[in-house]
1. Please work out if A592 is of a type in the set (A, V, I, L, M, F, W, C) and closer than 18 Å to F624 by Cβ.
2. Name the residues in region 174-184 that are more than 15 Å from G207 (Cα to Cα), of a type in the set (V, I, T) and buried (at least 20 other Cβ atoms within 10 Å of the Cβ), would you?
3. Could you give every pair whose Cβ atoms fall below 6 Å, whose first residue belongs to region 62-88 and is free of Cβ contacts under 8 Å to residues at least 40 places away in the same chain and on the phi < 0 side of the Ramachandran plot, and whose second residue is outside any strand (DSSP E or B) and exposed (fewer than 15 other Cβ atoms within 10 Å of the Cβ), counting only separations of at least 6 or pairs across chains?
4. Condition check: at pLDDT 95 or above and touching a helix residue (DSSP H, G or I) at 6+ places or on another chain (Cβ under 8 Å). Does V18 satisfy that?
5. Please work out if A154 is open to solvent by 60 Å² or more (accessible area, probe 1.4 Å), among the small types (G, A, S) and in a loop (DSSP other than H, G, I, E, B).
6. With modelled with pLDDT of 95 or more, at negative phi and part of a strand (DSSP E or B) as the only criterion, which of E359, E366 stands out?
7. Is it the case that some residue within region 107-122 is modelled with pLDDT of 90 or more and either of a type in the set (V, I, T) or in contact with a helix residue (DSSP H, G or I) (Cβ under 7 Å, 6 or more places away or on another chain) (or both)?
8. Looking only at region 485-530, filter to residues that are among the acidic types (D, E) and surrounded by fewer than 23 Cβ atoms within 10 Å (Cβ to Cβ); which one of those is farthest from Y566 (Cα to Cα)?
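The values are calculated or read from the model by the stated rules, or taken from the named source; none is laboratory data. Small disclaimer: the values here were computed from a predicted structure and weren't measured. Cβ placement follows ideal geometry from the backbone for every residue including glycine, while neighbour counts extend to all protein chains displayed. When the accessible area is computed, the model is the full protein with side chains, heavy atoms only, and any ligands, DNA or RNA have been set aside. Shrake-Rupley method; radii C 1.70, N 1.55, O 1.52, S 1.80 Å.
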Amino acid sequence: MSERASSLSSVSSPRVPVTPDNLFSVLTPTDPVISPDGQHVAYVVWAYAGADSVKSGHIWLLNCDEADAKPYPCASGKYSEQEPRWSPDGQKLAFLAVEQSENGQAGKPQLYVRPLEREQARRICEMPNGVSDPAWSPDGSQIAFISLDGPEPAKDPIVLAPARPRRLWSTHTDGGLPVPITPEGVTIWEYAWSPDGRYIALYYSTGSDDTDWYRGQIGIVPASGGAVRQLTQLTRQASGLAWSPDSQQLAYISGEWSDPCQGGGDIYVIAINGGEARNVTPGLDCSPGWCAWFPDDQRLLFAGWYGVTSQVGIVDLGNNAITLLEEDFVIVPYTRLMASTPDLRRFLVIHSSSQEPAEVWLGELEQVSEAHVKWRCLTHLNALAEESFALSQSRRIRYPSVDGWLIDAIFTPPLHTRPGELPPLFVEVHGGPSGARQDCCNLYVQMLASAGYAVLQPNMRGSWGHGVAFADAVLGDMGGKDYQDILYGADYVIAQGWVDPERTSIGGWSNGGFLSGWTITHTDRFKAALVGAGIVDWLNMHAQSNIADADMRLLKADPLEAPEAYLRNSPLAFAGRVKTPTLIIHGAADRAVPVAQAYAFYRALRERNVPVECVIYPREDHGFREREHLRDFYTRLLRWLERFVKNASQQA
């Protein structure tokens, strides 16, 4: 019995496999934040409550200095809570909450404040379009937030027009009317108060559509409001704005990312009084995704992706020297990689392993003979699942691919195998391409392993985890060497004698769906495929997607000037070659990869008499939310694999 579940009854029960019916019982912790004195912790727990079709979040609090301290709920009495933020004195908690109307519809998130010593939370303002991204001013007198400008557009008829700008506002914590900080027409994607309270740093764009995020710049605006002063000349995206303690410099993460996100890249530093930004992590074999300044203004603490795990380290700004504090500790990027106290002595992360579902962990920076991190688990949200689920033990592998590049991957054997029989293989391709698979508790993978499949999760080139050059290698080469990395991975596990070469399959979501579709248009080695929310026609993708800049950056082409680049990278152009039975899954309301992609691929395969099933789920966007839709998808996938993969030997 694990220490984290030691409070459970000692009576042993048979462990149960992960199935499409029971995996929804696992709770998901996100957005942990620590009070400035390092004593109190707040975090959000997401779960399907009762018969609710989608998850709701609730904030829990914990004193991490009390022995055997028990978490207690924020208890605002609202339908859902999220984005907790501590006041500078650590005595109040700001957060967003959603109320449910009498007809059961969720309202828009509004801003609340709860004193630590009282359970009563107070709404301090109400915005007609709701609130996001709250942050306290350094003196605790104000809270800034982002809210959409303008009335909600009519839905009948649908008029194509620029989106409403995301404007930065502030309100006094004692009440009063919110006031705008940024001018009209400027869209704010991220922001951060300067420690002296005089300025707010922004990652912003002058366009308001989702796709304008790719064209953002960094600037500053007076905290009292005014014009934005641009600091950078970015050609890539930026995230994770962090002020130096003296309020004279900004650090940030920058890279070329496929999706609006807080991504992994290099760390840059720029002075607010002018000058060029300086890359302080050139050539780093890691992908930092978060950073913060030490009080001495000379060093940065960072956390990032490395292979299939995570690293924590320090960069010395005097000579760019890197000191690793933690070389192998998986940090699951739910909301952000890390949240710290101002002195960086304590920080919070979400941690998981292949055998342990996600929990909130406290890291303490200690100095003995040399600096290191002491980790401690603070929550036990999923002790029951940890003790009751039968989980397959994953292994980390690294294999050579084309050009001799080494590819990190996770191999998960099936939970049970038949004597003398090699198991079938499912190659699970991650989305993005910006992103990475980590050696954590992935219940989707465990569901496949419980059903008898070995699962390979490759971090092909384009992934985070080995620096900017590795992530950039896919640009202009979508479906090129990243595709080869996947095939080399399948060849590797076959050569090791771990899987049956005659019973292999492939599947993925978003970019993983694209690569799955690309794969089956270029080889018939796989017995079945899943194309989930996949791009099959880049020209149509550009026409309909809410992030049209993404394809131009990934393909390094303009569809109006080089349509042939879009055509030669589209699986649809080669769909006449497909022989692989294909399951197509898509959300009807997908804004990033519109549902026309699914219809087009389905029509092409039907016309070539390829076994195909296309399932469109109402209301779902790019990531599915409704429990019954997810359950149906998982059940259909297992049924598809059972039909075309698991029994392939008998059919042959």
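1. Details: of a type in the set (A, V, I, L, M, F, W, C): yes; closer than 18 Å to F624 by Cβ: yes.
Criteria met by A592.
2. Here is the first cut: in region 174-184, the residues more than 15 Å from G207 (Cα to Cα) are 174-181.
Now narrow it down to the ones that are of a type in the set (V, I, T): 179, 181.
Hit for region 174-184 is I181, nothing else.
3. Between residues of region 62-88 that are free of Cβ contacts under 8 Å to residues at least 40 places away in the same chain and on the phi < 0 side of the Ramachandran plot and residues that are outside any strand (DSSP E or B) and exposed (fewer than 15 other Cβ atoms within 10 Å of the Cβ), the close pairs are N63/A69.
4. yes
5. Details: open to solvent by 60 Å² or more (accessible area, probe 1.4 Å): yes; among the small types (G, A, S): yes; in a loop (DSSP other than H, G, I, E, B): yes.
Yes: the conditions hold for A154.
6. Numbers: E366 fails: modelled with pLDDT of 95 or more.
Among E359, E366, only E359 is modelled with pLDDT of 95 or more, at negative phi and part of a strand (DSSP E or B).
7. Scanning region 107-122, I find at least one residue that is modelled with pLDDT of 90 or more and either of a type in the set (V, I, T) or in contact with a helix residue (DSSP H, G or I) (Cβ under 7 Å, 6 or more places away or on another chain) (or both), so the answer is yes.
8. To start, the set of residues in region 485-530 that are among the acidic types (D, E) comprises 485, 491, 500, 502, 524.
So of that shortlist, the ones also surrounded by fewer than 23 Cβ atoms within 10 Å (Cβ to Cβ) come out as 491, 500, 502, 524.
On the way: D491: 29, D500: 36, E502: 33, D524: 23 Å.
Restricting to residues being among the acidic types (D, E) and surrounded by fewer than 23 Cβ atoms within 10 Å (Cβ to Cβ), the top hit is D500.
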